[in-house]
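Structure record follows, encoded as structure tokens.
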Amino acid sequence: MRKIKVMTIFGTRPEAIKMAPIIIELNKQKEIFESIVVTTAQHRQMLDQVLAFFDIKADYDLNIMKENQTLTKITTDVINGLDLIFKKEKPDILLVHGDTTTTFAASISAFYNKVPIGHVEAGLRTFNKLSPFPEEINRQVTDVLADYYFAPTMDAAENLLKENHDAKNIYITGNTVVDALNYTVKEDYQHPILDKLTQTSKKILFTMHRRENLGQPMQDVFESVLEVVESNKNVEVIFPVHLNPKIQKLAKQVLGFHDRIHLVDPMDVIDFHNIASKCYFILSDSGGVQEEASALKVPVLVLRETTERPEGVKSGILKLIGTKKSNVKQAMEELLNDVEKHKKMCNVENPYGDGTASRQILTILQEKYTQTEIINEEAYEKLRLSY
Ligand code: UD1
Ligand code: UDP
């Protein structure tokens, strides 16, 4: 019996972090799977940091990143670049992750090439077309194109069922980011940043990068952070600044001169996860950070009006605060000064899985492909033609 040829594709830092455990698992099961890794390099440096940590080498690298790239350019470069690779490799399945423009463009290209698609982290929704932008539509379209759905939670699976996706192709696996934490978080972890910060200070980890938050919302949040730090002498902020030039410029302008606000380069994932686990709380508009913080039991003030991670809000570890100055300042002050509230936010169950998502996904693929005899060449060709 020939091996199941699984192509994985990703382009940004978070996709890489969440696909890495699957690639590691594919490599452990070489007698069953052939793994082809494709990176679009929608991100370059921030992607390479992740590849280096997990020791992943891409079989194909489209290397598309441009400074201040547009959504159109990312989309067209990915579609053009992938077409040839699909024609050459003819994978049995393409695994895409989440909701980036790489995800959407790779899915449409797979569809044009009649390659079945497995969507990892399927079913997340805000049902608000513009928030997050363009991710909500990227993931909805990806789910229209996908064949197999690896939903991290029951809420995500329910969204897929409501959209009439076939229940027999929807699996609840947990989120692979929890698998990734098993590779990174260490009891005895040390880092110069943590040594440098005074032991008694309350450390806040801060990240912000969403497209819809660029400009005034980001300026308002940065100013709020500065004011809160100024009025709380025992607070230090660690801010690994996204490499987007617009964010770099504003961060340096507004936050670059305070001795208790530490602007640093994007951190290696091992550093970020371990530092996150030691912070008092996190302030962020990130998607992945909301799940990680839930697993690490560190509260997150979410700089957004909506979230596709309602489980974390229900559990109590996430609080949506938006980006208005008064709301951000009030939420930060409250969490810094109300010890009971902080304790309550930390003390919750993690709804994002038990760290076995990647193994579950491969077991499902093996069962699906063996049952339907897709790996028999003739049956597979028939499936392609009827597709
Ligand atoms: C992208 C994803 C977003 C995801 C985020 C994770 C889309 C439309 N957006 O947004 O869903 O949450 O990644 O971080 O898919 N840059 C570098 N080096 C890097 C990475 C980025 O210089 O390693 C700069 C480039 O100038 C690039 C810009 O950042 O043009 C923006 O990157 P882009 O991938 O377009 O958008 P993100 O905001 O990172
Ligand atoms: N992350 C990292 N280094 C950093 C900041 C974040 O490795 O300096 C990781 C973080 O642990 C999480 C992912 O990047 O796994 C989140 O990426 P991001 O916030 O850029 O994107 P999103 O999850 O919002 O799509």
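Quick notes on this one:
- Within region 202-218, residues that are farther than 24 Å from Y280 by Cα have Cβ atoms under 7 Å from residues that are in a helix (DSSP H, G or I) in these pairs: L214/K246, counting only partners at least 6 apart in sequence or on another chain.
- Residue in region 361-372 that is under 18 Å from K297 (Cα atoms), at pLDDT 95 or above and either surrounded by 15 or more Cβ atoms within 10 Å (Cβ to Cβ) or basic (K, R) (or both) present: no
- Selection from region 84-107 of residues that are β-branched (V, I, T) and within 15 Å of ligand 2 (Cβ to nearest atom): V96, T100, T101, T102, T103
- The residue list I56, I79 contains one member that is within 16 Å of ligand 2 (Cβ to nearest atom), free of Cβ contacts under 8 Å to residues at least 60 places away in the same chain and under 28 Å from K114 (Cβ atoms), which is I56.
- Residues being at negative phi and either assigned to a loop (DSSP other than H, G, I, E, B) or of a type in the set (D, E, K, R) (or both) - total across region 313-352: 21
- Any chance Y189 is part of a loop (DSSP other than H, G, I, E, B) and either among the aromatic types (F, W, Y) or within 16 Å of ligand 1 (Cβ to nearest atom) (or both): yes
- Residue within region 6-14 that is in a strand (DSSP E or B), touching a strand residue (DSSP E or B) at 6+ places or on another chain (Cβ under 9 Å) and free of Cβ contacts under 8 Å to residues at least 24 places away in the same chain present: no
- Some residue of region 317-331 being among the polar types (S, T, N, Q), touching a Gly at 6+ places or on another chain (Cβ under 8 Å), surrounded by 17 or more Cβ atoms within 10 Å (Cβ to Cβ) and modelled with pLDDT of 95 or more: no
- Residue that is more than 12 Å from ligand 2 (Cβ to nearest atom), surrounded by fewer than 20 Cβ atoms within 10 Å (Cβ to Cβ) and under 16 Å from M332 (Cα atoms), where the choices are K249, K233: K233
- Residue in region 31-51 that is assigned to a helix (DSSP H, G or I) and over 21 Å from F272 (Cα atoms) present: no
- Residue that is more than 20 Å from L124 (Cα to Cα) and either small (G, A, S) or buried (at least 18 other Cβ atoms within 10 Å of the Cβ) (or both), where the choices are D55, D48, D99, D92: D92
- Leading residue by the ranking (farthest from ligand 1 (Cβ to nearest atom)) among those in region 193-211 that are part of a loop (DSSP other than H, G, I, E, B) and not hydroxyl-bearing (S, T, Y): Q199
Residue by residue, here is whether (1) touching a helix residue (DSSP H, G or I) at 6+ places or on another chain (Cβ under 7 Å); (2) hydroxyl-bearing (S, T, Y) holds:
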{"residue": "S107", "(1), (2)": "yes, yes"}
{"residue": "F111", "(1), (2)": "yes, no"}
{"residue": "I117", "(1), (2)": "yes, no"}
{"residue": "L124", "(1), (2)": "yes, no"}
{"residue": "I137", "(1), (2)": "no, no"}
{"residue": "A151", "(1), (2)": "yes, no"}
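- The listed residue being among the hydrophobic types (A, V, I, L, M, F, W, C), over 18 Å from the mean Cα position of the chain (by Cα) and either surrounded by 21 or more Cβ atoms within 10 Å (Cβ to Cβ) or on the phi < 0 side of the Ramachandran plot (or both), out of I282, I261: I261
- A110 passes every criterion in (1) more than 16 Å from ligand 2 (Cβ to nearest atom); (2) in a loop (DSSP other than H, G, I, E, B) apart from (2).
- Region 167-195: number of residues that are surrounded by fewer than 16 Cβ atoms within 10 Å (Cβ to Cβ) and out of contact with any Asp or Glu (no Cβ under 9 Å at 6 or more places or on another chain): 9
- Residue list for region 260-270, filter: within 16 Å of ligand 1 (Cβ to nearest atom) and within 22 Å of M19 (Cα to Cα): P266, M267, D268, V269
- Meets criteria (buried (at least 21 other Cβ atoms within 10 Å of the Cβ), more than 10 Å from ligand 1 (Cβ to nearest atom) and outside any loop (DSSP other than H, G, I, E, B)) for I24: no
The values are calculated or read from the model by the stated rules, or taken from the named source; none is laboratory data. Source: prediction; values computed, not measured. Positions of Cβ are backbone-derived with ideal geometry, glycine not excepted, and every protein chain shown enters the neighbour counts.
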